[in-house]
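J.: Okay, handing you the structure first.
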Amino acid sequence: MKTYLIALGAMLFSVKLFAATAIAPSPEQVTPLLNGLTIPAVSLTAADNKAVALTKLVQQKPSILVFYRGGWCPYCNAQLATLRDIEPQLNKLGYQLIAITPDSVASINKSLQDTDGGKLNYTLLSDSNFAASSAFGLAYYLDDKTAAAYKGKLGSLITTEAGTEKVVLPVPAVYIVNTAGEAVFSYVHINYKTRLHSELLLKAAELALP
């Protein structure tokens with residue numbers, strides 16, 4: 001298996017954060033899962049409200065995992081629409097496409113029905129308690145000034161185990177994972193406006209095959 005690395009660097013919910021120590025103080029301080037490591041065993045929620053074990057899901061076929069901030073984010077919606085355009089090519093290569101977001105199940109169902117004027121046929125999973133984004137080392141706290149702006153637009157805050165209210169988001173990221181659960185390619189960028197180009201993703205997906 002060839003391993004290739006590009007290393008660059010919600011609707012929000014009122015929940016008890018399961019592991020506050022796993023959340024970085026800022027996007028510049030995230031510690032993303034590295035290529036060659038096995039993805040964490042986390043449970044997510046599908047559009048039908050059923051629990052999904054991520055490690056079992058990726059055993060079915062090579063997978064493209066995309067972490068995005070939420071359906072409220074225009075940059076995320078543009079990315080999701082681009083992924084919709086290249087999904088047939090990814091499927092032809094043998095991949096399944098899975099997008100992971102802090103959005104609620106209701107919100108991911110809305111995104112499936114209409115994202116930038118079209119339906120999405122690939123899998124969206126809700127990570128509303130940030131279990132996956134934290135375990136992948138992608139979750140971070142917003143600074144107070146930015147958090148104040150997000151509070152009014154996106155809803156309630158995250159409540160940490162210490163009782164402190166914080167706003168948390170994932171750094172946008174893309175992982176290519178083989179059926180053994182090993183990350184063989186990753187793209188993480190701390191600037192939420194910068195996303196992986198579709199042509200680069202397709203080339204990485206092709207090269208990552210055995």
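J.: When you check residue 105 against the structure, is it of a type in the set (A, V, I, L, M), crowded, with 19+ Cβ neighbours inside 10 Å and at pLDDT below 95, yes or no?
T.: no
J.: If you take the residues of the range 117-176 that are surrounded by fewer than 13 Cβ atoms within 10 Å (Cβ to Cβ) and touching a Leu at 6+ places or on another chain (Cβ under 7 Å), which of them is modelled with the lowest pLDDT?
T.: So the residue we want is 161.
J.: Could I ask something else about it? Picking from 31, 38, which residue would you name as being polar (S, T, N, Q) and touching an Asp or Glu at 6+ places or on another chain (Cβ under 9 Å)?
T.: The conditions single out 38.
J.: Could you please find all residues in the range 82-96 being under 20 Å from residue 170 (Cβ atoms) and surrounded by 21 or more Cβ atoms within 10 Å (Cβ to Cβ)?
T.: If the condition is that a residue be under 20 Å from residue 170 (Cβ atoms) and surrounded by 21 or more Cβ atoms within 10 Å (Cβ to Cβ), then 83 is the only one that fits.
J.: Specify the residue that is nearest to residue 198 (Cα to Cα); the eligible residues are those in the range 90-111 that are of a type in the set (S, T, N, Q) and in contact with a strand residue (DSSP E or B) (Cβ under 7 Å, 6 or more places away or on another chain).
T.: Across the range 90-111, the extreme among qualifying residues is 96.
J.: Within the range 61-81, can you find the residues that are at pLDDT below 95 and open to solvent by less than 10 Å² (accessible area, probe 1.4 Å)?
T.: Answer for the range 61-81, where residues must be at pLDDT below 95 and open to solvent by less than 10 Å² (accessible area, probe 1.4 Å): 69, 70, 73.
J.: Quick check, is residue 24 at pLDDT below 95, in contact with a strand residue (DSSP E or B) (Cβ under 6 Å, 6 or more places away or on another chain) and among the hydrophobic types (A, V, I, L, M, F, W, C)?
T.: Yes; evaluated as a whole, the condition is true for this residue.
The values are calculated or read from the model by the stated rules, or taken from the named source; none is laboratory data. None of these values were measured; they are calculated from a predicted model. Because the Cβ atoms are built from the backbone with ideal geometry, glycine has one as well, and the counts that use them run over all protein chains shown. For accessibility, only protein heavy atoms count, side chains too; no ligands or nucleic acids. Shrake-Rupley method; radii C 1.70, N 1.55, O 1.52, S 1.80 Å.
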